[in-house]
1. Among the residues of region 46-63, are any in a helix (DSSP H, G or I) and within 27 Å of PRO94 (Cα to Cα)?
2. Quick one: which of GLU10, GLU22, GLU38 is in the same structural domain as ARG75 (by TED's automatic domain parsing), acidic (Asp, Glu), at pLDDT 90 or above and surrounded by 13 or more Cβ atoms within 10 Å (Cβ to Cβ)?
3. Report, by residue number, each residue of region 78-111 that is assigned to a helix (DSSP H, G or I), surrounded by 10 or more Cβ atoms within 10 Å (Cβ to Cβ) and modelled with pLDDT of 75 or more.
4. Residue check, TYR118 against (1) without any contact (Cβ under 8 Å) to a residue 12 or more places away in the chain; (2) farther than 30 Å from PRO94 by Cα; (3) not in a loop (DSSP other than H, G, I, E, B), all met but one. Which one?
Amino acid sequence: MNKNIKIEIENICEKYSITKEELLSIRRDARLVGARAELVKILRDNFGLNFSKIGHILGRDHTTIIYLYKKQKERQSKNNKRKRCLKCHKYFIPSTIDYFKQQKYCSIECRKKSNYLYKLRFEILERDNFTCQYCGASPRKDPNVKLHIDHKYPNKLGGELKKENLITACSICNIGKGDKVFKSILDL
């Protein structure tokens, strides 16, 4: 069996909190059937395996595998109504009341945190006079300039989301800088 297929099986087992033995068993609990169906869809779509090969891996007949594949496709089309929270990135189903308002957050807490980040972003832009701290570009001088909030000390290297670690940068400087640390900027 391919190493990547083994990894996918382990991922499905971890996601559904089941063992590999349970996944491959003859039991037909809803949880196990759901896990198998998701695995069948992954093996078919991502690895291009035919139904009989997938059936061999799972110890099932290819007609069972075809049935699981179709069921998983139906389940996913129903789940297309789910949205992803802009703050925590968890999936949620919008309430029917807010569906037409384009609900963007899964909870009030996420919405409040997001409002805080917008406020913090504006405070940083205002503090830096809406000007790139690397090259001096500003939307006042050139309307095509797009400003970003950059970390002086990058997240990847342990930088925090605090005012002291944030700086205004134009998109060109921010993308060009990447995750480098500039000593001259740390003093600002």
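1. In the first step, residues of region 46-63 are kept if they are in a helix (DSSP H, G or I); the result is 46-47, 51-58, 62-63.
Add one more test, that the residue is within 27 Å of PRO94 (Cα to Cα), and what stays is none.
Scanning region 46-63 turns up no residue that is in a helix (DSSP H, G or I) and within 27 Å of PRO94 (Cα to Cα).
2. Working: GLU10 fails: surrounded by 13 or more Cβ atoms within 10 Å (Cβ to Cβ); GLU38 fails: at pLDDT 90 or above.
It is GLU22.
3. Within region 78-111, GLU109, CYS110, ARG111 qualify.
4. Only one criterion in (1) without any contact (Cβ under 8 Å) to a residue 12 or more places away in the chain; (2) farther than 30 Å from PRO94 by Cα; (3) not in a loop (DSSP other than H, G, I, E, B) is unmet by TYR118, namely (2).
The values are calculated or read from the model by the stated rules, or taken from the named source; none is laboratory data. Given the structure is predicted, the values throughout are model-derived calculations rather than measurements. No Cβ is skipped: glycine too gets one built from the backbone with ideal geometry, and neighbour counts run over all protein chains shown.
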